[in-house]
Amino acid sequence: MLCGSWRRSRRSPEQARVASQVATPLALLPSPASPDRGTKRPGLRALKKMGLKEDEDVQAMLRGSRLLKIRSRTWHKERLYRLQEDGLSVWFQRRIPHAPSQHIFFVQHIEAVREGHQSEGLRRFGGAYEPARCLTIAFKGRRKNLDLAAPTAEEAQRWVRGLAKLRERLDAMSQRERLNHWIWSYLHRADSDQDSKMSFKEIKSLLRMVNVDMNDMYAYRLFKECDHSNNEHLEGAEIEAFLRRLLRRPELEEIFRRYSGEDHVLSASELLEFLEDQGEDSATLACARQLIQTYELNERAKLHELMTLDGFIMYLLSPEGAALNMAHSCVFQDMGRPLAHYFISSSHNTYLTESQVGGPSSTEAYIRAFAQGCRCVELDCWEGPGGEPLIYHGHTLTSKILFRDVIQAVRDHAFKASPYPVILSLENHCGLEQQAVMARHLRSILGDMLVTQALNPQNPKELPSPEQLKGRVLVKGKKLPTARNEDGRLLSDREDEEEEDEETEEVLEAAEQRRRAKISPELSALAVYCCASRLRTLEPRPGPPQPCKVGSLSERKARKFTREAGNSFVRHNTQQLTRVYPMGLRMNSANYNPQEMWNAGCQLVALNFQTPGYEMDLNTGRFLINGQCGYVLKPAYLRQLDTTFDPECPGPPSTTLTVQVLTAQQLPKLNAEKPSSIVDPLVRVEIYGVPADCAQKETDYVLNNGFNPCWDQTLKFQLRVPELVLVRFVVEDYDSTSHNDFVGQFTLPLNSLKQGYRHIHLLSKDGASLSPATLFVHISIQNS
């Protein structure tokens, strides 16, 4: 698999002596902690490793609580909730028994735990219970909130505090600790009689649980090699020895030997040599020494600046050894440029949690979008009873929420994940009176957050920067007409976004005349930097530029502009914001490929955040960098007014990306209820960029092994515009008779992809971590 020869080590006499004592010629992944002797509850050792076994709150969660689950005004049901002994999951009772996996939720999938009536559900249906007894568990992805009321305020607090401690400890875990935790939790489940001993039958059950179909003869041979007591059971150190064999990483051992030489430890200079070969151009001897101090597990080796295989694996599994450049995980770009110079994370029909035909509307959808770094959200505003405007998808069966409640959610949650400005994109269908109510709510609820006048009175039409607008909310809406055009028609910026694609220009003109601009002066005054307009043509308008005009167009129109007038569209987007939205025919709230719009420099590429798929993976990957703040600086050629760039004519290839797909580790089972169901994984690498760069290539599949499959296959791509490229790594379960099943993925910009041997930490379809599932690859990027 990996070529190379052993090197003769260069050690001081003292280092050589220590090396002979700490090195393990075929070191294995660090073993889990030895089982607690005498305990019949081996699962508790996981909590002990987390330092929480004796914690009073966690102990109460282990005993369980009877909590009221609240779903509607009349549906308040008592259910038992109990923390599992692995410390990673919570079991809950259901009225009708389901499969075991349907009775748990995982701590790592929790987005937030809120106290009191801090969810839409509890505000509407929890009034009978004092806020001190209530809590809401909000999940990542599409899973609905869990609204609960405890018997007492103290019991509610135990769950709030306990979950906070578990989440904090889980976040602080290294990949090694997560792997140890993971394998011991499965070991506990496989130990059917809970006697802390493992028969061969239980070992086979464990292997199926962790997604490997091992030949019985080979599995029994491994079992007997570890059965030193020769009693057909493994216990204590014997279980440890079996797990160490199971968790071996031969490919990492081979890389380590190549640099460590005959004594099987790395000095700081040898580690530096590895780092330089990895493409770490800024690495120094001091950096290598710091890595040893950070990741080496053996204190004697650390004292003498030596790294063992265990420390080497710790480093490669850490964020510093991952595929994403750590320097790009914080805000590192210039945030002082005009708004039009950034891609801005944007949501369409933000209020929906499902489809746009009959799905529910919820303020929780806004909270989730903000938690994902979204900076532009949409509000479809309609006349409501009692003088209060509503938000919902007009002319459909979607449920309705109050405009006022959404603005309160904006106030409370818009800046928790990012300090940079939020744009409220109003699609206004209200009359003058309720428009005035909307303006009043915006001013009274948002207060100083709301931008109500130009920041620079000397140049009021110049777009400010994200840095200047930190913590501020912008309204994108219609401005009162100030003039008439040549045919006497009012220059109204009324949008009717959903219908633009389906109607002819003549119908649109007639509709425009019918609904001519009844725009409230109060609401009009709030459209300071984002004055909504429909972008009908790319022909330059007479007079000075209008950077505060925000053009809105459907995906179809944007695609047409890109293909027919690519450079003109790019130039337009260098100084004005453009919002692109899905065409109205996508009744199931499906998404379009956002990369096509980013290629032309469109900033506000609005997607249905509630709909998972590769399109949302691309959006997550695009905004993964720069601190996940929702703003990413566009490449220079998408910011220059006189640019010659055209995404349809990008020029010859300039970059070669080579991906050597080596192995994967601990892939999830797709059917947890079927022990014999083992994945047949393959890896596909997908390239998204300008049309000439788009490509995908895949490996062969590996039969019946989701635990440690090996491919060692090389995939190569020629790229023309690398600055726009997103790379998506996908793992699928091969199926010869139907579509492959999705296993996991990770997407990131090519410019943030590190070279060398890297682990890729996989995500689920909803974007949740699949830890400890990883891909191990070698990346090479060569510029011509």
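The values are calculated or read from the model by the stated rules, or taken from the named source; none is laboratory data. This is a predicted model, so every value here is computed, not measured. Here the Cβ positions follow ideal geometry from the backbone for every residue, glycine too, while neighbour counts run over all protein chains shown. Only protein heavy atoms, including side chains, enter the accessible area calculation; ligands, DNA and RNA are left aside. Shrake-Rupley method; radii C 1.70, N 1.55, O 1.52, S 1.80 Å.
If a residue must be assigned to a loop (DSSP other than H, G, I, E, B) and either small (Gly, Ala, Ser) or under 24 Å from ARG178 (Cβ atoms) (or both), how many such residues does the stretch 115-141 contain?
From the stretch 115-141, those assigned to a loop (DSSP other than H, G, I, E, B) are 116-119, 126-130, 140-141; that's our starting set.
Right, trim to either small (Gly, Ala, Ser) or under 24 Å from ARG178 (Cβ atoms) (or both) and you get 116, 119, 126-128, 140-141.
The total comes to 7.
Cβ-Cβ under 8 Å, sequence separation 6+ or interchain: first residue in the stretch 536-548 and closer than 14 Å to LYS560 by Cα, partner modelled with pLDDT of 85 or more and of a type in the set (A, V, I, L, M, F, W, C). Which pairs?
Between residues of the stretch 536-548 that are closer than 14 Å to LYS560 by Cα and residues that are modelled with pLDDT of 85 or more and of a type in the set (A, V, I, L, M, F, W, C), the close pairs are LEU538/PHE561; LEU538/ALA565; LEU538/PHE569.
Can you tell me which of (1) open to solvent by 10 Å² or more (accessible area, probe 1.4 Å); (2) part of a strand (DSSP E or B); (3) among the charged types (D, E, K, R) is the one ASP700 doesn't meet?
(2)
Please go through the stretch 316-327 and pick out each residue that is assigned to a helix (DSSP H, G or I) and either open to solvent by 10 Å² or more (accessible area, probe 1.4 Å) or within 30 Å of ARG404 (Cβ to Cβ) (or both). Outline the logic, then answer.
In the first step, residues of the stretch 316-327 are kept if they are assigned to a helix (DSSP H, G or I); the result is 316-317, 319-321, 326-327.
Matches in the stretch 316-327: LEU317, PRO319, GLU320, MET326, ALA327.
I'm trying to understand the selection: among the residues of the stretch 671-692, which are within 24 Å of the chain's Cα centre (by Cα) and part of a loop (DSSP other than H, G, I, E, B)? Walk me through how you get there before you give the answer.
First, the residues of the stretch 671-692 that are within 24 Å of the chain's Cα centre (by Cα): 671-672, 679, 681-690.
Those that are within 24 Å of the chain's Cα centre (by Cα) and part of a loop (DSSP other than H, G, I, E, B): ASN671, ALA672, VAL679, GLY689, VAL690.
Can you name every one of the strands (runs of 3 or more DSSP E) wholly within the stretch 708-784 that holds 1 or more residues which are farther than 17 Å from GLN175 by Cβ and among the polar types (S, T, N, Q)?
On the way: elements: 710-719, 726-733, 741-749, 756-763, 769-783.
Output list reads 710-719, 741-749, 769-783.
Quick one: which of HIS233, HIS304 is open to solvent by 20 Å² or more (accessible area, probe 1.4 Å), out of contact with any Phe, Trp or Tyr (no Cβ under 8 Å at 6 or more places or on another chain), closer than 27 Å to ILE183 by Cβ and in contact (Cβ under 8 Å) with a residue 12 or more places away in the chain?
Numbers: HIS304 fails: closer than 27 Å to ILE183 by Cβ.
Just one listed residue meets the conditions, HIS233.
Within the stretch 631-670, how many residues turn out to be polar (S, T, N, Q) and either within 28 Å of CYS374 (Cα to Cα) or within 23 Å of the chain's Cα centre (by Cα) (or both)? Steps first, please.
At the first step, the residues of the stretch 631-670 found to be polar (S, T, N, Q) are 640, 643-644, 654-656, 658, 660, 663, 665-666.
From what is left, the residues that are either within 28 Å of CYS374 (Cα to Cα) or within 23 Å of the chain's Cα centre (by Cα) (or both) are 640, 663, 665-666.
Counting residues in the stretch 631-670 that are polar (S, T, N, Q) and either within 28 Å of CYS374 (Cα to Cα) or within 23 Å of the chain's Cα centre (by Cα) (or both) gives 4.
Inspect the stretch 148-157 for any residue being assigned to a loop (DSSP other than H, G, I, E, B) and open to solvent by less than 50 Å² (accessible area, probe 1.4 Å) and give the result as yes or no. Spell out the reasoning first.
Step one: list which residues in the stretch 148-157 are assigned to a loop (DSSP other than H, G, I, E, B), which gives 150-152.
From what's left, open to solvent by less than 50 Å² (accessible area, probe 1.4 Å): 150.
Within the stretch 148-157, one or more residues are assigned to a loop (DSSP other than H, G, I, E, B) and open to solvent by less than 50 Å² (accessible area, probe 1.4 Å).
Somewhere in the stretch 100-114, is a residue among the aliphatic types (A, V, I, L, M), assigned to a loop (DSSP other than H, G, I, E, B) and in contact with a strand residue (DSSP E or B) (Cβ under 8 Å, 6 or more places away or on another chain)?
Taking the stretch 100-114 and keeping what is among the aliphatic types (A, V, I, L, M), we get 104, 107, 110, 112-113.
Next cut, assigned to a loop (DSSP other than H, G, I, E, B) only: none.
Checked against the condition, which is being among the aliphatic types (A, V, I, L, M), assigned to a loop (DSSP other than H, G, I, E, B) and in contact with a strand residue (DSSP E or B) (Cβ under 8 Å, 6 or more places away or on another chain), the stretch 100-114 yields no hits at all.
Can you tell me how many residues in the stretch 165-194 are open to solvent by 50 Å² or more (accessible area, probe 1.4 Å) and aliphatic (A, V, I, L, M)?
Of the residues in that region, 1 qualify.
For residues that are under 28 Å from ASP380 (Cβ atoms) and outside any loop (DSSP other than H, G, I, E, B), tally how many sit in the stretch 449-484.
Going through the stretch 449-484 one residue at a time, the tally reaches 7.
Looking at (1) within 23 Å of the chain's Cα centre (by Cα); (2) open to solvent by 40 Å² or more (accessible area, probe 1.4 Å); (3) closer than 30 Å to ARG142 by Cα, find the lone condition where GLU723 falls short.
(3)
What are the residues in the stretch 119-137 that are under 32 Å from the mean Cα position of the chain (by Cα) and among the charged types (D, E, K, R), if any?
GLU120, ARG123, ARG124, ARG133
All but one of (1) part of a helix (DSSP H, G or I); (2) of a type in the set (A, V, I, L, M, F, W, C); (3) out of contact with any strand residue (DSSP E or B) (no Cβ under 6 Å at 6 or more places or on another chain) hold for LEU179; which doesn't?
(3)
Take the conditions under 16 Å from ASP766 (Cα atoms) and at pLDDT 95 or above and apply them to MET597. Does it pass?
Here the answer is no, as MET597 does not meet what is asked.
Considering each residue of the stretch 254-274, count those that are closer than 25 Å to ASP712 by Cβ, in contact with a helix residue (DSSP H, G or I) (Cβ under 8 Å, 6 or more places away or on another chain) and open to solvent by 10 Å² or more (accessible area, probe 1.4 Å), and give that number.
Qualifying residue count, the stretch 254-274: 3.
Name the residues in the stretch 188-224 that are touching a residue at least 60 places away in the same chain (Cβ under 8 Å), touching a helix residue (DSSP H, G or I) at 6+ places or on another chain (Cβ under 6 Å) and in a helix (DSSP H, G or I), would you?
SER205, MET209 - these are the residues of the stretch 188-224 that are touching a residue at least 60 places away in the same chain (Cβ under 8 Å), touching a helix residue (DSSP H, G or I) at 6+ places or on another chain (Cβ under 6 Å) and in a helix (DSSP H, G or I).
For the stretch 385-421, name all the residues that are in contact with a Leu (Cβ under 8 Å, 6 or more places away or on another chain) and either surrounded by fewer than 20 Cβ atoms within 10 Å (Cβ to Cβ) or over 17 Å from ALA439 (Cβ atoms) (or both). Reasoning before the result, please.
Taking the stretch 385-421 first, the residues in contact with a Leu (Cβ under 8 Å, 6 or more places away or on another chain) are 388-391, 393, 398, 400-403, 406-407, 410-411, 420-421.
Residues satisfying the conditions are GLU388, HIS393, THR398, LYS400, ILE401, LEU402, ARG411, TYR420, PRO421.
Looking only at the stretch 542-556, how many residues end up being outside any loop (DSSP other than H, G, I, E, B) and more than 17 Å from GLU462 (Cβ to Cβ)?
Of all residues in the stretch 542-556, those outside any loop (DSSP other than H, G, I, E, B) come to 549-556.
Imposing the further condition that a residue be more than 17 Å from GLU462 (Cβ to Cβ) reduces the set to 551-556.
Count: 6.
So which helices (runs of 4 or more DSSP H) stay within the stretch 557-657 end to end and still have 1 or more residues that are of a type in the set (Lys, Arg)? Working first, answer last.
On the way: elements: 566-572, 595-599, 614-622.
Helices (runs of 4 or more DSSP H) meeting the threshold: 566-572, 614-622.
Filter the stretch 92-110 down to the residues that are open to solvent by 70 Å² or more (accessible area, probe 1.4 Å) and either in contact (Cβ under 8 Å) with a residue 12 or more places away in the chain or under 24 Å from ARG368 (Cβ atoms) (or both) and list them by number. Before the answer, list the steps.
Here is the first cut: in the stretch 92-110, the ones open to solvent by 70 Å² or more (accessible area, probe 1.4 Å) are 94-98, 100, 102, 106.
Of everything in the stretch 92-110, those that are open to solvent by 70 Å² or more (accessible area, probe 1.4 Å) and either in contact (Cβ under 8 Å) with a residue 12 or more places away in the chain or under 24 Å from ARG368 (Cβ atoms) (or both) turn out to be ARG94, ARG95, PRO100, GLN102, PHE106.
Residues checked against (1) acidic (Asp, Glu); (2) surrounded by fewer than 18 Cβ atoms within 10 Å (Cβ to Cβ); (3) at pLDDT 90 or above; (4) closer than 23 Å to LEU316 by Cα:
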{"residue": "MET217", "(1), (2), (3), (4)": "no, yes, no, no"}
{"residue": "SER282", "(1), (2), (3), (4)": "no, yes, no, yes"}
{"residue": "ALA286", "(1), (2), (3), (4)": "no, yes, yes, yes"}
{"residue": "ILE292", "(1), (2), (3), (4)": "no, no, yes, yes"}
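What are the residues in the stretch 668-692 that are surrounded by fewer than 18 Cβ atoms within 10 Å (Cβ to Cβ) and either modelled with pLDDT of 95 or more or over 23 Å from THR737 (Cα atoms) (or both), if any?
Those that are surrounded by fewer than 18 Cβ atoms within 10 Å (Cβ to Cβ) and either modelled with pLDDT of 95 or more or over 23 Å from THR737 (Cα atoms) (or both): ARG684, PRO691, ALA692.
Would you point out which residue out of GLY447, GLY488 is out of contact with any Lys or Arg (no Cβ under 7 Å at 6 or more places or on another chain) and at pLDDT 80 or above?
Numbers: GLY488 fails: at pLDDT 80 or above.
Just a single option satisfies the conditions, and that option is GLY447.
Filtering the stretch 328-358 down to residues that are among the hydrophobic types (A, V, I, L, M, F, W, C) and at pLDDT below 95, which residue is surrounded by the fewest Cβ atoms within 10 Å (Cβ to Cβ)?
So, considering only residues that are among the hydrophobic types (A, V, I, L, M, F, W, C) and at pLDDT below 95, the one surrounded by the fewest Cβ atoms within 10 Å (Cβ to Cβ) is VAL357.
Of all residues in the stretch 726-781, which are more than 19 Å from ASN705 (Cβ to Cβ), open to solvent by 20 Å² or more (accessible area, probe 1.4 Å) and of a type in the set (D, E, K, R)?
LYS754, LYS765, ASP766
Would you check which residues across the stretch 675-696 are among the hydroxyl-bearing types (Ser, Thr, Tyr), over 16 Å from LEU750 (Cα atoms) and touching a residue at least 60 places away in the same chain (Cβ under 8 Å) and list them? Lay out the reasoning, then the answer.
In the first step, residues of the stretch 675-696 are kept if they are among the hydroxyl-bearing types (Ser, Thr, Tyr); the result is 676-677, 688.
Next, from what is left, pick out any that are over 16 Å from LEU750 (Cα atoms): 676-677.
If the condition is that a residue be among the hydroxyl-bearing types (Ser, Thr, Tyr), over 16 Å from LEU750 (Cα atoms) and touching a residue at least 60 places away in the same chain (Cβ under 8 Å), then SER676 is the only one that fits.
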